[in-house]
Amino acid sequence: MFDLIVKGGFLPNGSVADIGISGSKITAIDQLGTAKAGQIIDATGDLVSPPFVDPHFHMDATLSYGLPRINASGTLLEGIGLWGELKQVMTQDEVIDRALHYCDWAASMGLLAIRSHVDTCDDRLLGVEALLEVRNKVKDYIDLQLVAFPQDGFYRDPTARENTIRALDMGVDVVGGIPHFERTMQDGAASVTELCEIAAARGLQVDMHCDETDDPLSRHIETLAFETQRLGLRGRVAGSHLTSMHSMDNYYVSKLLPLIAEAQINAIPNPLINIVLQGRHDTYPKRRGLTRVKEMLSAGINVGWGQDCVLDPWYSLGTADMLDVAFMGLHVAQMTSPEEMRICFDMVTVNNAKTMGLQDYGLHVGAKASLVVLDAGTPTEALRLRAARLHVVANGKLISQSPRPDARLNIQDRPSTSHRRHWGVL
C-alpha cells in the first residue's frame, strides 16, 4: 500500500513506469499494476520529471519592479544603484511577503529548489533575516539555499566583510562574492582568495558572481579555479554569469576551460538576464554576452541555467518558469540539435541539482518524493511548449495542479479542440 502512485508516465529517459511513494520518499519505480494507494495520479502519456532547480536567484529583490523607479537605461550598474536605493527604505515584512509570493509561483511551476543570493552590504542585514524566515516557512516544499552576497564589494563596501561573516554565523548556507565590482583587479582577486578561505574553514560551498562584464580582461574565474584547487573545494564551487568569457580571445579560453574543468567548478549562465544586461555599450555588431556554454559542456564542466531575476531592478519580466530560462538559453547558445536540446532540459534539473549539492534529488528509489507531471511527452517537447505543470508533488504531497491548455475551436471540418503537442521525432 502506497500513499501516492503516479501511474504510466514517461520518464526523462523515455521509459514508462509507475512511481510509488510512501511518506516523503520514492519507494518503487516499476510496473505497479493493481497496487493500492491513498491517491493515484494518472500520468499516462505525460512526462514525469524531477523538480526544476534554480541555482542562481535574488529573492530579496524579487517582485520589486518599479520601486523606487524603473531602470531606464536597462544596465547592470543602474540596477545596482536602484537596489541600493530600495534597500534603504524596504521593510522586512515587504521582503518576506514578496519572497513568499514568488515561492507560490515557484511551487506552481514545479520549481522546488532555489539558491538565492542575499545582499550582505546592509548593516541591518534585513534581507538576511527576512530570507532566513522565508527558508523556514517554505522548507516543506522548497529547498531554499541562501548565499551571503556582498553586493557592493567585499572590500569596496566598508562593512561588507563583517556583515558577510555575520550572515554566515546566522545560518546562511553558501559564501558569495562579486570580484569584478571591487575597485581594482587586484582587490577582486584578493576577495576571491579570502572568501574561498572562509568557505574552506567553515566547510561551506562557494558561489561567486564572477566576471559579469563585457570586459575580456576580467579574469577572476582563473583565480577562482586556482583557489578551488588550493583549498580542496573541488565540486563545491560555482562561477555564476562568466559573461566576460564571451569576449575573451580564443587562445586564452583554450587555457581557461581545462582549469575550470580540473577544479570541478560548476558554471551558471543566466540567459534571460545576461543577454538583456550585456552588450549595452555596443552598437553593432552587438555581443550576446552569454558565456561559452557549449564549449564548457564539451570540456566536461557541469553547466546549468539560472533564472537570476524576476520583476526586479535588473529585469522587468519573468514567471519562475525554468523552462522559459532553458528555452531562451538554447536559442542564444544555438543548442538546437536533438541532443543539445535534451541537455538543456538537464541544465534546469539534474545539472543544477548537482551544483546545489542536492543529495536526495531525482527519480530513483530512496529519493525525495518531489516530482512534476508535465503536459509533454519528452523533455524536448516540454521545452518547446514550456509545458503546463499538470501536477506538482513535493515531499510526497500534491501541492499544485493545472489544467491542460487546450483551445476550443469553432472551424468547419476541423477538430473541436487544438493542442500544441506533436507526436513526432522530438
Running a GNM on the chain with Cα contacts under 10 Å, which residue among ARG156, ARG408, ARG135 ends up with the highest mean-square fluctuation?
ARG408
Scaled radius of gyration (Cα, divided by 2.2 N^0.38 Å) that the stretch 203-279 gives
1.06
Just need the relative contact order of the stretch 1-110 here, percent rounded to a whole number, with Cα pairs under 8 Å and 6+ apart.
23 percent
Roughly how many debye, to the nearest 20, is the charge dipole of the stretch 307-426 about its Cα centre, given +1 on each Lys and Arg Cβ, -1 on each Asp and Glu Cβ, and no other charges?
380 debye
How far is helix 322-332 tilted off the main Cα axis of the chain, in degrees rounded to 10, range 0 to 90?
70 degrees
Grab the other residues whose beta carbon is less than 15 angstrom from that of ARG115, score K and R as +1, D and E as -1, and report the net.
-3
Positive end of the charge dipole of the chain (Lys, Arg +1 and Asp, Glu -1 on Cβ, about the Cα centre): tell me which of LEU63, MET245, LEU111 has its Cα farthest that way.
LEU111
Relative contact order computed over the stretch 342-422 (Cα-Cα under 8 Å; 6+ residues apart), in percent:
19 percent
Of all alpha-carbon pairs in the chain, indicate the percentage at a distance above 35 angstrom.
28 percent
Roughly how many Å² is the accessible area per residue of the chain, as a whole number, for a 1.4 Å probe?
40 Å²
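What is the dipole size for the stretch 123-209, taken about its Cα centre, with +1 at each Lys and Arg Cβ and -1 at each Asp and Glu Cβ, in debye to the nearest 20? Don't skip to the end; give the middle numbers.
Working: 9 positive and 15 negative charges, 16 e Å.
With Lys and Arg at +1 and Asp and Glu at -1, about 80 debye.
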I want to verify a result. In a Gaussian network model of the chain, Cα cutoff 10 Å, which of these has the top mean-square fluctuation: ASN395, ASN136, ASN71?
ASN136
Which of PHE52, PHE181, PHE226 moves the most in a Gaussian network model of the chain with Cα springs under 10 Å?
PHE226
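Please report the net charge: other residues with Cβ closer than 15 Å to the Cβ of LEU297, K and R +1, D and E -1.
Working: positive: ARG292, LYS294, ARG342, LYS354; negative: GLU295, GLU339, GLU340, ASP346.
Taking every other residue near LEU297 into account, the sum is 0.
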What is the stretch 185-278's relative contact order, in percent, from Cα pairs under 8 angstrom and six or more apart in sequence?
31 percent
Taking a threshold of 24 Å on the Cα-Cα distance, which of the pairs LYS25/LYS137; LYS87/LYS286; LYS139/LYS368; LYS36/LYS139; LYS255/LYS294 fall above it?
LYS87/LYS286; LYS36/LYS139
Using alpha carbons only, how many degrees (0 to 90, rounded to 10) separate the axis of helix 185-202 from the longest principal axis of the chain?
60 degrees
Calculate how many DSSP beta bridges within the chain are antiparallel, expressed in % of all such bridges and rounded to the nearest 5.
40 percent
Can you give me the % of accessible surface on the chain that is carbon or sulfur? Probe 1.4 Å, all protein chains present, nothing else counted.
52 percent
Cα extents of the stretch 214-368 along the three principal axes, largest first (Å):
53, 39, 33
Which three lengths, in whole Å and largest first, does the stretch 1-60 cover when its Cα atoms are put on their principal axes?
46, 26, 16
For the chain, give the magnitude of the charge dipole about the Cα centre (Cβ charges: +1 Lys/Arg, -1 Asp/Glu; no others), in debye to the nearest 20.
1040 debye
From the protein chains alone at 1.4 Å, what is the descending order of accessible area for THR349, THR319, largest first?
THR319, THR349
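Considering all projection directions equally, how large on average is the shadow of the alpha-carbon convex hull of the stretch 12-140, in square nanometres?
Working: hull surface 43.7 nm².
The number I arrive at for the stretch 12-140 is 10.9 nm².
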Using only DSSP helix segments of four residues or longer, with each worth -39500 (n - 2.57), what per-residue ellipticity at 222 nm results for the chain after dividing by its residue count and rounding to 500?
-10000 deg cm²/dmol
Compute the separation of the alpha-carbon centres of the stretch 374-412 and the stretch 329-361 and state it in Å as a whole number.
19 Å
Hey, got the Cα dimensions of the stretch 308-426 along the principal axes, in Å, largest first?
54, 35, 35
Backbone HN-Hα couplings from phi across the stretch 89-98 [Karplus 6.51/-1.76/1.60, Hz, Gly and Pro as x]
10, 6, 10, 4, 4, 5, 4, 4, 4, 5
If you take every residue apart from SER218 with its C-beta less than 9 Å away from the C-beta of SER218, what net charge results, scoring Lys and Arg +1 and Asp and Glu -1?
-3
Need one number: convex hull volume per residue for the stretch 109-233, Cα atoms only, in Å³.
115 Å³
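The values are calculated or read from the model by the stated rules, or taken from the named source; none is laboratory data. As the structure is a computational prediction, the values presented were derived from the model and not from experiment. Glycine gets a Cβ as well: all are built from the backbone with ideal geometry, and neighbour counts include every protein chain shown. Heavy atoms of the whole protein, side chains included, go into the accessibility calculation; ligands, DNA and RNA do not. Shrake-Rupley method; radii C 1.70, N 1.55, O 1.52, S 1.80 Å.
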